[in-house]
Amino acid sequence: MKASTLFTAVAALVLSGSAFAADAPAASTAASAAAASSLSVPAVTITQSTSRSRSDVNAEAVEFVKNYKTAFAIQLEQYKN
């Protein structure tokens, strides 16, 4: 008997919660629309010339891989000396 009462109570809470949640998106949409109209956000333009070319990035990656040493290799080198 107690399990069925608990199930009924949980079902009632879930249904009442979903009824309140149905009103929330309309309110948040109106609030965000009002906030968006009052904000003044500066425009940011990004040009292609400020970034590095693909070949530069590739060359840097290749150089890194050539000179890469694992932590274990570095420790071995330190213990040798």
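Details
- From the list SER53, SER40, SER4, SER32, the one residue that fits, being at pLDDT below 70 and of a type outside the set (Val, Ile, Thr), is SER32.
- Residue check for SER18: of a type in the set (S, T, N, Q), at pLDDT 80 or above and exposed (fewer than 10 other Cβ atoms within 10 Å of the Cβ): no
- LYS69 passes every criterion in (1) modelled with pLDDT of 55 or more; (2) not in a loop (DSSP other than H, G, I, E, B) apart from (2).
The values are calculated or read from the model by the stated rules, or taken from the named source; none is laboratory data. Everything numeric in this text was worked out from a predicted model, so none of it was measured. Cβ: placed from backbone, ideal geometry, glycine included. Neighbour counts: every protein chain shown.
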